[in-house]
Amino acid sequence: MLKHLAQQLAERDAQAMRRRRRVTETACAPQQHISPSDDGGHAIDPDAAPREVLAFCSNDYLGLANHPALIEAWAEGARLYGVGSGASHLISGHSRAHALLEDDLAEMLSPHLPEVRALSFGTGYLANLALLTALGDEHTSIYSDVLNHASLFDGARLAKASAYTYPHHDLAGLERRLAACRTPRKLIVTDGVFSMDGDLARVPELLALAERFDAWIVVDDAHGFGVLGEQGRGVLSHFGLRSERLICMGTLGKAAGVGGAFVAAHRTVIDWLVQSARAYIYTTAAPPAMAHTLRASLRLIRGAEGDRRRQHLGELIGALRSGLPAALGVVPGAPAASGWHLTDSLTAIQPLIVGGSAEALAAAAALEAQGLWVPAIRPPTVPAGSARLRITLSATHSAGDVNRLLAALAVAARTAGAPE
Ligand SMILES: Cc1ncc(COP(=O)(O)O)c(C=O)c1O
């Protein structure tokens, strides 16, 4: 076994595909201190001093992960409920804080989901496993966009349903499949904002297909909740949709800044999940203090502060997109000499596609040498040949931070991205 695994690891090294962790020494924020880890058998390299970096890698889009009001809410939650839930939700771990959080989430999504209830989870990965395994019985077909998040694919794999994948945004292909479907129930599954590309699913068109073919839609709004739509209600609000066919999953460790996740849907769907979703039933409930903190986070997201943060984030996205062509030395109308290009994203996820895995690693290293932390994302997380720098922006970045990123990218493109 050890020999086999060592061989596999060596292959990953040879293909520039070995993943490495960094240890963050400070709170999630643009300015961080990080240490190298893993090499030499230590959790933290004992010989390396922490370095200060300007980070463009978190999903803390609104900058709430280190917000003083939420730190205070967490302390208050711990004083009220202690630090652990002690059991799963169906035994004794379902606290008043969890129940109230679920009411708050349901109320927030009520303009979009009739007769809505919400169910809270410890992580988004678990929520997707729970949802797809509970709804995807042997009389159901699941249709997934090929760029959906891994947790949706894992959920579909674990489910007893027949699972199909359609090419990214291929509505015509999906329509053909739905027309040919012979199972009584059909589930279309999509990221709301695609996590590695930043583009939006065409949810209105998907809903029209669902109505035509009597299907249901699971929208994973991990990257839209808190950021898109009125009061940060997410992608359903962005598109102004309302239907009982919509099932919305959202994560709470990204724009909400804390952790956990939820599924919001018609109350009958939620009742069924509580009865049957193994990934909900057989796991310890998240700490009640976390649920208590999330209620405070939702108040921030929905209030004036949330609006201000979303507005500032929008300005940063605009500045990055408009400044990048000049930084990469692009002549108007022509592609960059390096071949690097942004995706068609208007969200806080602004991936810069560079191509090969080794090139993406070299680009990330060139940025790190200038004190910037931007992760290189490589296959199998993204398709072969589309390795990228996944730049993410947060409302706690400043315009000056984006200017620094643009200047560093200009240097990285000249070194790591120079054509042979
Ligand atoms: C689209 C999407 N869905 C689900 C998840 C899983 O959520 P969590 O990190 O809370 O497990 C993530 C990210 O991690 C994601 O990007």
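Can you tell me which residue within region 73-86, out of those that are on the phi < 0 side of the Ramachandran plot and outside any helix (DSSP H, G or I), is surrounded by the most Cβ atoms within 10 Å (Cβ to Cβ)?
Ser85
Run down Gly77, Gly63 and say which single residue is modelled with pLDDT of 95 or more and closer than 19 Å to Leu313 by Cβ.
Within the list Gly77, Gly63, the selection yields Gly63.
So, Arg309, is that one among the basic types (Lys, Arg), assigned to a helix (DSSP H, G or I) and out of contact with any Ser or Thr (no Cβ under 7 Å at 6 or more places or on another chain) or not?
yes
Go through the residues of region 363-380 one by one and say whether even a single one is surrounded by fewer than 14 Cβ atoms within 10 Å (Cβ to Cβ), closer than 30 Å to Gly234 by Cβ, in contact (Cβ under 8 Å) with a residue 24 or more places away in the chain and in contact with a helix residue (DSSP H, G or I) (Cβ under 7 Å, 6 or more places away or on another chain).
Within region 363-380 (the criterion being surrounded by fewer than 14 Cβ atoms within 10 Å (Cβ to Cβ), closer than 30 Å to Gly234 by Cβ, in contact (Cβ under 8 Å) with a residue 24 or more places away in the chain and in contact with a helix residue (DSSP H, G or I) (Cβ under 7 Å, 6 or more places away or on another chain)), the answer is no, since none of the residues qualifies.
So if I check each of Leu64, Leu70, which one is on the phi < 0 side of the Ramachandran plot, in a loop (DSSP other than H, G, I, E, B) and of a type outside the set (S, T, N, Q)?
Leu64
Go through the residues of region 41-53 one by one and say whether even a single one is within 24 Å of the chain's Cα centre (by Cα), open to solvent by less than 80 Å² (accessible area, probe 1.4 Å) and not assigned by TED's automatic domain parsing to the domain that holds Asp271.
Yes, there is a match, as at least one residue in region 41-53 is within 24 Å of the chain's Cα centre (by Cα), open to solvent by less than 80 Å² (accessible area, probe 1.4 Å) and not assigned by TED's automatic domain parsing to the domain that holds Asp271.
Of a type in the set (Ser, Thr, Tyr), out of contact with any Ser or Thr (no Cβ under 7 Å at 6 or more places or on another chain) and over 30 Å from Asn403 (Cβ atoms): which single residue out of Ser110, Ser88, Ser95 fits that description?
Only one candidate qualifies: Ser110.
Which numbered condition trips up Ser345, out of (1) at pLDDT below 95; (2) over 18 Å from Cys57 (Cβ atoms); (3) among the polar types (S, T, N, Q)?
(2)
Please find, within region 164-179, the residue that is farthest from Ala376 (Cα to Cα) out of those that are part of a loop (DSSP other than H, G, I, E, B) and away from the ligand (no atom under 16 Å from the Cβ).
My answer is Asp170.
Only residues that are of a type in the set (S, T, N, Q) and surrounded by fewer than 23 Cβ atoms within 10 Å (Cβ to Cβ): list them for region 106-131, please.
Ser110, Thr123
Got a number for residues in region 114-144 being more than 11 Å from the ligand (Cβ to nearest atom) and part of a strand (DSSP E or B)?
10
If you check Phe153 against the conditions, is it within 16 Å of the ligand (Cβ to nearest atom) and crowded, with 23+ Cβ neighbours inside 10 Å?
Considered against the rule, which asks whether it is within 16 Å of the ligand (Cβ to nearest atom) and crowded, with 23+ Cβ neighbours inside 10 Å, Phe153 comes out as no.
Here is a list: Asp214, Asp170, Asp271, Asp220. Which entry is under 15 Å from the mean Cα position of the chain (by Cα) and charged (D, E, K, R)?
Every option except Asp220 fails the conditions.
Tell me, please, whether a residue that is open to solvent by less than 40 Å² (accessible area, probe 1.4 Å) and of a type in the set (Asp, Glu) can be found in region 354-361.
no
Of the residues Asp145, Asp103, Asp137, which single one is farther than 14 Å from Gly260 by Cβ, among the acidic types (Asp, Glu) and open to solvent by less than 40 Å² (accessible area, probe 1.4 Å)?
Being farther than 14 Å from Gly260 by Cβ, among the acidic types (Asp, Glu) and open to solvent by less than 40 Å² (accessible area, probe 1.4 Å) holds for just one of Asp145, Asp103, Asp137, which is Asp145.
Quick one: Arg390 ticks every box in (1) under 24 Å from Leu147 (Cβ atoms); (2) open to solvent by less than 50 Å² (accessible area, probe 1.4 Å); (3) assigned to a helix (DSSP H, G or I) bar one, so which box is it?
(3)
The values are calculated or read from the model by the stated rules, or taken from the named source; none is laboratory data. The structure displayed is predicted, hence computed values, not measured ones. All Cβ positions, glycine included, derive from the backbone under ideal geometry; neighbour counts span all protein chains shown. Ligands, DNA and RNA are excluded from the accessible area calculation, which covers all protein heavy atoms including side chains. Shrake-Rupley method; radii C 1.70, N 1.55, O 1.52, S 1.80 Å.
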